[in-house]
1. Just wondering, is there one or more residues in the range 132-150 that are assigned to a strand (DSSP E or B), touching a helix residue (DSSP H, G or I) at 6+ places or on another chain (Cβ under 9 Å) and over 22 Å from Ser259 (Cα atoms)?
2. When the residues of the range 283-308 are narrowed to those that are buried (at least 21 other Cβ atoms within 10 Å of the Cβ) and touching an Asp or Glu at 6+ places or on another chain (Cβ under 9 Å), which ends up modelled with the highest pLDDT?
3. Of the residues that sit in the range 34-72 and are touching an Asp or Glu at 6+ places or on another chain (Cβ under 7 Å) and closer than 19 Å to Gly100 by Cβ, which one is surrounded by the fewest Cβ atoms within 10 Å (Cβ to Cβ)?
4. Name the single residue, out of those in the range 280-297 being in a loop (DSSP other than H, G, I, E, B) and of a type in the set (S, T, N, Q), that is nearest to Glu223 (Cα to Cα).
5. Listed residues Gly131, Gly151, Gly194, Gly180; which is closer than 16 Å to Ser217 by Cβ and either at pLDDT below 95 or touching a Leu at 6+ places or on another chain (Cβ under 9 Å) (or both)?
6. Please return the ranges of strands (runs of 3 or more DSSP E) entirely within the range 32-105 where 1 or more residues are touching a strand residue (DSSP E or B) at 6+ places or on another chain (Cβ under 7 Å) and small (Gly, Ala, Ser).
7. Filter the range 86-109 down to the residues that are of a type outside the set (A, V, I, L, M), farther than 13 Å from Val52 by Cα and surrounded by fewer than 24 Cβ atoms within 10 Å (Cβ to Cβ) and list them by number.
8. Quick test of your reading of the structure: Met117 fulfils all but one of (1) part of a strand (DSSP E or B); (2) surrounded by 15 or more Cβ atoms within 10 Å (Cβ to Cβ); (3) over 20 Å from the mean Cα position of the chain (by Cα). Name the failing condition by number.
Amino acid sequence: MYKKLAFLSLVLLLSLLSVAQQNADPVSQPFITFNPPGATTTNPTGINSAGVVTGWYIDSKGTHGFLRAAGKLTTFDPKGSTGTSAQSINVHGVITGWYGTGSAFHGFVRDTAGTIMSFDPPDSVSTIPLGINAGGAISGYYFDQFLITHGFVRSATGKLTEFDPPTSLDTRAVGINKSGAITGFFDDAIGTHGFVHAKGRFTTFDVPNSFETKPISINDAGETTGWYTDPAFHGFVRDAAGNITTFDPPGSTSTTGISISPTGVVAGYWIDGSRVVHGFLRDAAGNITTFDVPNSTSTFTTGMNSAEVITGFTTVGGVQIGYVTHP
């Protein structure tokens with residue numbers, strides 16, 4: 001059951017998570033597509049300022065992690081893994097994510113030498129790391145024995161701190177910035193709300209008139225992005241002062257903000273009336289540009305770096321492959 005619930009989290013957040021960020025117009029540049037050898041499905045999840053991409057892929061033997069640097073693909077699995085999902089990579093090339101061992105998931109951190117260390121909060125039955133900052137601090141959440149989720153942050157030295165916003169019944173910590181401020185969302189008796197956890201204090205918020213508010217990325221200025229429902233999905237940006245701006249590309253029936261750059265540029269994806277998925281880039285002034293990988297039937301955005309180079313996955317010829325915009 002633990003594995004099933006954690007996998008459902010994976011399905012819901014996989015297409016999202018990645019909180020590294022970077023300035024260039026991706027639409028005017030060529031797309032590079034890629035697949036690890038033997039992969040039947042490829043899902044990039046993060047990209048750092050050097051353009052190194054991480055993520056996961058599926059082949060005949062299972063699910064594995066990968067990193068792509070200067071066009072070279074390296075694959076990896078923690079020892080004993082029955083399935084590996086790399087989720088985020090920092091400026092130094094350190095990767096975090098989770099892996100399965102039967103009925104549970106465990107967190108891992110992979111250093112630049114390829115050494116992998118696993119970790120779990122003390123009362124975790126499944127651990128889901130999602131973000132890592134330049135200093136090596138990792139954000140995420142875990143399931144306890146009652147299948148309630150709690151947020152955590154793991155320092156670069158391995159110290160684990162658990163947290164929940166007041167009144168939370170379930171907490172999902174997602175993105176983390178350079179200073180260690182974390183964003184995510186939580187459920188209480190009323191609904192689903194966004195939060196920022198910084199210097200030991202919580203700020204909770206909701207997009208006005210929303211059913212759910214789910215921020216997943218935070219930049220170093222404290223700006224967040226994500227999505228809210230009313231009940232359709234729409235994108236939003238919240239600045240450090242708490243001002244919220246909502247947005248949708250023209251013709252969108254569902255919009256998801258995925259990553260926000262240091263200058264407030266948002267990358268994400270949207271769905272049109274024919275259920276086709278497209279990528280988008282929204283600048284700090286609110287101008288939105290949409291894009292598609294050539295010859296694809298869908299284009300999902302899953303990460304953006306500080307130079308606004310984007311990664312994600314796309315479907316070409318019925319096969320899900322990775323892409324990155326050319327720097």
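1. So the first thing to find is which residues in the range 132-150 are assigned to a strand (DSSP E or B), and the list is 132, 138-143, 149-150.
Imposing the further condition that a residue be touching a helix residue (DSSP H, G or I) at 6+ places or on another chain (Cβ under 9 Å) reduces the set to 141, 143, 149.
Filter again for over 22 Å from Ser259 (Cα atoms), leaving 143, 149.
Taking every residue of the range 132-150 in turn, at least one turns out to be assigned to a strand (DSSP E or B), touching a helix residue (DSSP H, G or I) at 6+ places or on another chain (Cβ under 9 Å) and over 22 Å from Ser259 (Cα atoms).
2. Thr299
3. Of the residues in the range 34-72, the ones touching an Asp or Glu at 6+ places or on another chain (Cβ under 7 Å) are 38-40, 64-65.
Then drop every residue that is not closer than 19 Å to Gly100 by Cβ, which leaves 39-40, 64-65.
Working: Ala39: 22, Thr40: 12, His64: 22, Gly65: 28.
Taking the candidates together, the pick is Thr40.
4. Across the range 280-297, the extreme among qualifying residues is Asn287.
5. Criteria check complete, one pass: Gly131.
6. 41-47, 53-59, 62-69, 83-89, 95-101
7. Gly100, Thr101, Gly102, Ser103, His106
8. Met117 satisfies all of (1) part of a strand (DSSP E or B); (2) surrounded by 15 or more Cβ atoms within 10 Å (Cβ to Cβ); (3) over 20 Å from the mean Cα position of the chain (by Cα) except (2).
The values are calculated or read from the model by the stated rules, or taken from the named source; none is laboratory data. Please read these numbers as outputs of a predicted model, since none were measured by experiment. Note: ideal-geometry Cβ built from the backbone for every residue, glycine included; neighbour counts use all protein chains shown.
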